[in-house]
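The block underneath contains the structure these notes are about, expressed in structure tokens.
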Amino acid sequence: MELIKISSAKILLAASAAIMALSLVSCATGGDARMPEQDRSHTLTSPAGKAAAYQSLEGSWDGFLWYMGQDMAIKLHFLLEDGVWLGQMDIPPQNAFGMALADIAFSSGGLKATLPGLTPLAMKATLLGDELSGSFSQGPASGSIRATRSGDGASLRAAMQAKEAADRAALDPSIVSQEVSIDIPGGRLYGTLSAPLSAKPASAVLIIPGSGPTDRDGNSILLPGKNDSLLSLGNGLVKSGFLVLRVDKRGIGKSVWPGLREEDMSIDQMADDAAAWLAFLRSQRGIRKVATIGHSEGALVALLSARQAKPEALVLLAPMSADFFDTLFKQLASAPEDYLRRARFIYEELKAGRYVSAVDADLLSLFRPSVQPYMRSLIEHRPTALLASQTIPTLVVAGGRDLQIELSDAKALAAARPDLRFLLLEDMNHVLKAVKPDLVDNQASYSQASYPLAEGLVSGIAGFLQE
């Protein structure tokens, strides 16, 4: 759970396991920014009279999937290229973008398409003017779909071309990256594996994101823009000679699958997932050592996974030292007393092993019933005690301008063992960026990738891992 202090009276809350209760999205493999190639067997040889109707589907569509009283925002994109329909689906609430649609057919205003995956999602819709409406099914589940045109084919083509050009310009020719995945009980996890072009690393690093819907790049759908903090950190370490793996946690980005429910998740599951990724890294050719970097709540995941995976080193970025709820209530100190009283009641119930079904509306973002099992699992672990019980070489990194974790907390964690290393970067904030002392600049860095990483962050971590 992370809280960004906006002012003494206003706090932006980011739920720790912010996964929509509607878990119907497919584990599609997605694709890159360009429209994917489709099976040419669907080539349309339609009369000219139908061409205009086909063109009417081209463009972008914003809408929702409805299932059992819940909705999930989606975006659909369609283009007709050489008589072949190409399509993608975005699911912004789960940070899933560019998922390729298959078996696209459009005739006489009727649309059929499938989102491939372990359990494919099939949709049927009718186009009337600028609205698509119809139904979808995924396994035994079914619901309705509705979308409204948000852009035409010309604007979509222009946007796709601009993105492809930007992606090409942003590529670092010294880094080679590939999409990777591992199967775990019930589903599949995805990540990006990056290596130096001209070197063969002997050491590999796993980077674990922080809490909430934070993806492998360090970006969150709860923020208005991307900061790319973990992407930048990962690329910096690749340039320092490491094989680097950045991952989407279960329920975030591509690591989603049918039947994945928020109420079934725990911090211990996250640790098991991290251990599985570390095993994947150890299996890579030439790798002799592996290390784990955990950011914020990811630091706790790193500590828990280390008990079974035994990495050669740990790096804990902006970590909590105290019980999760100690940190939470410290961050909530300026909230109204009545709010705190009700929040503490739920905490005491969870601590006693009891869940609270009736939660006031203003507390749902923190204590909705579906997230309570996850929060209950957090109560059972104290980072300081975990770290004190281990002997793995560990570096604790703190930022002097972190709005979410107090410097005293990071120092307390670093004092858990006499052999621990501690690195303080005075101008670093919680998303690892170099910021000015003022609050406005600090907050702006959460949503702007142009802010550089704090000076000394990459070199400090690389130096520690190379010892």
Residue check, Thr391 against (1) outside any helix (DSSP H, G or I); (2) among the polar types (S, T, N, Q); (3) touching a strand residue (DSSP E or B) at 6+ places or on another chain (Cβ under 9 Å), all met but one. Which one? (3)
Take the range 440-458 and flag every residue that is part of a helix (DSSP H, G or I) and farther than 21 Å from Asp217 by Cβ. Val440, Asp441
Residue hits (the range 229-252; of a type in the set (A, V, I, L, M, F, W, C), assigned to a loop (DSSP other than H, G, I, E, B) and more than 19 Å from Arg188 (Cα to Cα)) are Phe242
Residues located in the range 304-328, provided they are outside any loop (DSSP other than H, G, I, E, B) and either charged (D, E, K, R) or more than 30 Å from Asp419 (Cα to Cα) (or both): Arg307, Asp326
Suppose we filter Ala309, Ala343, Ala335 for residues that are aliphatic (A, V, I, L, M), crowded, with 19+ Cβ neighbours inside 10 Å, in the same structural domain as Gly234 (by TED's automatic domain parsing) and over 30 Å from Ile287 (Cβ atoms); which single one remains? Ala343
Within the bounds of the range 265-284, is there any residue that is out of contact with any helix residue (DSSP H, G or I) (no Cβ under 9 Å at 6 or more places or on another chain) and without any contact (Cβ under 8 Å) to a residue 12 or more places away in the chain? yes
Restricting attention to the range 282-303, report how many residues are buried (at least 24 other Cβ atoms within 10 Å of the Cβ) and part of a helix (DSSP H, G or I). 7
Which listed residue, of Asp248, Asp183, Asp264, Asp228, is in contact with a Lys or Arg (Cβ under 8 Å, 6 or more places away or on another chain) and closer than 30 Å to Met375 by Cβ: Asp248
Can you run down the residue pairs with Cβ atoms below 7 Å, 6 or more apart or on separate chains, where the first is in the range 215-237 and among the β-branched types (Val, Ile, Thr) and the partner is buried (at least 20 other Cβ atoms within 10 Å of the Cβ)? Ile221/Asn95; Ile221/Pro213
Ala449 being surrounded by 18 or more Cβ atoms within 10 Å (Cβ to Cβ), assigned by TED's automatic domain parsing to the domain that holds Ala318 and among the small types (Gly, Ala, Ser): yes
Any hit, the range 346-353, residues being in contact (Cβ under 8 Å) with a residue 60 or more places away in the chain and either aliphatic (A, V, I, L, M) or closer than 16 Å to Ile267 by Cα (or both): no
Let me spell it out: the conditions are (1) assigned by TED's automatic domain parsing to the domain that holds Leu76; (2) assigned to a helix (DSSP H, G or I), and Asp167 meets all of them except one. Which number is the exception? (1)
Yes or no: Ala159 over 20 Å from the mean Cα position of the chain (by Cα), more than 22 Å from Ile74 (Cβ to Cβ) and surrounded by fewer than 17 Cβ atoms within 10 Å (Cβ to Cβ)? no
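So that you can scan it fast, the table gives a plain yes or no per residue for (1) loosely packed, with under 15 Cβ neighbours inside 10 Å; (2) under 28 Å from Glu262 (Cα atoms); (3) not assigned by TED's automatic domain parsing to the domain that holds Gly186; (4) not aromatic (Phe, Trp, Tyr):
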| site | (1), (2), (3), (4) |
| --- | --- |
| Trp85 | no, no, yes, no |
| Met99 | no, yes, yes, yes |
| Leu111 | no, no, yes, yes |
| Leu128 | yes, no, yes, yes |
Contacts under 8 angstrom Cβ, first residue in the range 134-154 being under 15 Å from Met89 (Cβ atoms), partner β-branched (Val, Ile, Thr), 6 or more apart: Gly134/Thr126; Gly134/Ile145; Phe136/Ile145; Gln138/Thr119; Ile145/Ile74; Ala147/Ile74
Please go through the range 177-198 and give me each residue that is exposed (fewer than 14 other Cβ atoms within 10 Å of the Cβ) and on the phi < 0 side of the Ramachandran plot, ordered by number. Gln178, Glu179, Asp183, Pro185, Leu197, Ser198
Odd one out for Thr384, checked against (1) at pLDDT 90 or above; (2) out of contact with any Ser or Thr (no Cβ under 6 Å at 6 or more places or on another chain); (3) not in a loop (DSSP other than H, G, I, E, B): (2)
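The values are calculated or read from the model by the stated rules, or taken from the named source; none is laboratory data. Predicted, not measured: the structure shown is a model, and the values here were computed from it. FYI the Cβ positions are ideal-geometry reconstructions off the backbone, even for glycines, and counts take in every protein chain you see.
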